[in-house]
Structure formats: C-alpha cells, structure tokens
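Engineer: Sharing a structure, written as structure tokens. Questions coming.
Every number here is computed from the coordinates shown, using simple stated rules; none is lab data. From a predicted model like this one, the values you see are computed outputs, not experimental measurements. All Cβ positions, glycine included, derive from the backbone under ideal geometry; neighbour counts span all protein chains shown.
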C-alpha cells in the first residue's frame, strides 16, 4: 500500500493526529550533533517525544532534554532492540494510540510523520513502514541497495509478507499492534522480527515512501556488513523456527543427492578397476548420514511447530 504525503494544510499537521495520543520513540547512541534538531522537529507532530539514550558517552541526554524530550538513559549500551522494547512499556503507560519510531542521527525527516501515521488514523493499517526504495529521489548507495534487497527476501521467507524496505527504522505502530508485540529480539534485528511477529498475528502492514539522508554526522554506528550479518542471523533463526522443512529439509535432501552420487561413483570405480576407494566411500557415507540427520531434524521440528500452532489456536 502506498499513501501519498499529506499536504501542508492537512489538519493532521496541526492537530497532531486529530486528538490521538501520538508518542515518538527515538533510540540514540552518541548523537549529540543531531538529536537536538531531531527532537525539536519531531515535537511539532506528536504529543510526546521519548529519547532512549543507549549508554551514550557524549551530551546526547542533556541536549535531548533541553530540546523538550523525555529522556530515559540506560547505563550501558544494550542495542537498539532492547532500547525500543523498553520504551514500548513507557508508551503503554502514556496510553499512546500510535507510536512513531525514527532514528536520532538525522537520517529521517520528522516532517513526514503525518504521512507515516495517516494509514493508522484511517484504520487502514496497524504497522506502517517508511520505505526508502519507493521514493525515487533518494540517492541510496549501491552496496546498501544490494544488502537491503537480500534482507528483504529473507524477511519475506520468514514472514510471508513482502515489503520493499524491511530494515527501515522509520515506522508507525498502532496501540493494538504494539500490545501484540511480545517478541524479544536483540541488537539490530527488531525491524524484521516486528514484521514477522505482526504478520503472524494478523496485523495489517503497509508501506509509504519516505526521504532519507545518508550524509549525517556519525552515519551508521555499526559496520554495514556486520550489521547485515547480525540481522541475517536473526532471520535465519526465525526461518528455522517457522519453516524447519525449508531450513533443514532442503539442505538435507541436497546432501543425500550428493552422497548418493558419490556412492554410485565409488561403486563404479570398484566394478571397473576392482579397487575400493576408501576416501570416496567415506565422504559419500558422511553426506548420506548428515542428510538423513537434517531431514529427521526437519520432520521433528515441523511436527513441534504444527503442534504449537494448534495449541495457540
């Protein structure tokens, strides 16, 4: 679903959601250069801004507080997922109707918050994701595009929900969706886990185009490759849990095919030359054994998943 940006004279811009209690959550780590302006710009469109200072070593907390945010300072760096989930608890205490998530490094444009919350206000979605790839004006580095698309494909496998920007940190969540989100992801994997979990629980997911700035003071806190691998690791875990036949069954079947081929090769060598190639025979045996073990694991885990799904129903 694509929703166009609200016009400047839209009531949503001035009424902050037409009476809805909108709370913005901004996780920040060493963002003293950008957090102040981000908070000030965000306050125009929400009722409350909560900054989660995830163990910063600079003036992030002080600047955010002076800019008008409610600041929760963690004693050490726990990672984005932990910070966001703990502030969901605070948003619930504030009786938030809508929670807006955006980064504190200046990449996102708070002026697009009305567009992000619009589908929820219209009761068209429970989770709205701001997609950088639906806005043709964004100049996204090529390596990021390749990495993001691969993570999007893995997210689709994990959630059966096709999105164009699974890793976007700019999103809006209805109170209904927030209350159903009980997963406990770690590190930077919260975006994909949120999509998977909410898709499983029947929440409506929509995307709208957003702008993004990559020339920000500190850019990404984590090496892009390391960040991508961490997210991928989480996705593999989700896929392994939800689709064990895919995760374990396919590799197991491939190993059995390879083992069978090597076995026939060894037999061919024996019948032709009368010599048993022990190394080839041993390797074929290993492939066959591992393949059978993986298929057995897939069947057992699939039975457990089916049982758990029946119990939840």
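Engineer: Taking 0.36 nm per residue of sequence separation and subtracting the Cα-Cα distance, how much length would be gained by fully extending the chain between residue 176 and residue 33, in nm to one decimal?
Structural biologist: Numbers: separation 143, 0.36 × 143 = 51.48 nm, distance 3.44 nm.
Residue separation times 0.36 nm, minus the Cα-Cα distance, leaves 48.0 nm.
Engineer: Moving on to the next point. Using 20 Å as the cut-off for backbone N distance, which residues of the range 160-181 belong to the label zone defined by a point 7 Å from the Cα of residue 89 along Cα→Cβ?
Structural biologist: 175-181
Engineer: Quote the FRET efficiency, to the nearest 0.05, computed for residue 270 versus residue 292 with a Förster distance R0 of 30 Å and r equal to the Cβ-Cβ distance.
Structural biologist: Working: r = 23 Å, r/R0 = 0.76.
Calculated value: 0.85.
Engineer: Ranking 117, 46, 254 by Cβ neighbours within 10 Å, fewest first, what do you get? Walk me through the intermediate numbers first.
Structural biologist: Working: 117 28, 46 23, 254 13.
Starting with the residue having the fewest Cβ neighbours, the order is 254, 46, 117.
Engineer: For 60, 272, which order do you get if you count the other beta carbons within 10 Å of each Cβ and list the fewest first? Each step should come with its number before you reach the end.
Structural biologist: Details: 60 26, 272 8.
By the 10 Å Cβ count, ascending: 272, 60.
Engineer: Can you give the extra length, in nm with one decimal, that the chain gains between residue 134 and residue 70 once fully stretched, where that is 0.36 nm per residue apart less the Cα-Cα distance? Could you put the intermediate results ahead of the total?
Structural biologist: On the way: separation 64, 0.36 × 64 = 23.04 nm, distance 3.23 nm.
That pair, residue 134 and residue 70, stretches by 19.8 nm at full extension.
Engineer: Right, something else. Taking neighbour Cβ counts within 10 Å as the exposure measure, how do 103, 123, 200 sort from fewest upward? Before the final figure, lay out the partial values.
Structural biologist: Details: 103 21, 123 9, 200 17.
Neighbour counts put them in this order, fewest first: 123, 200, 103.
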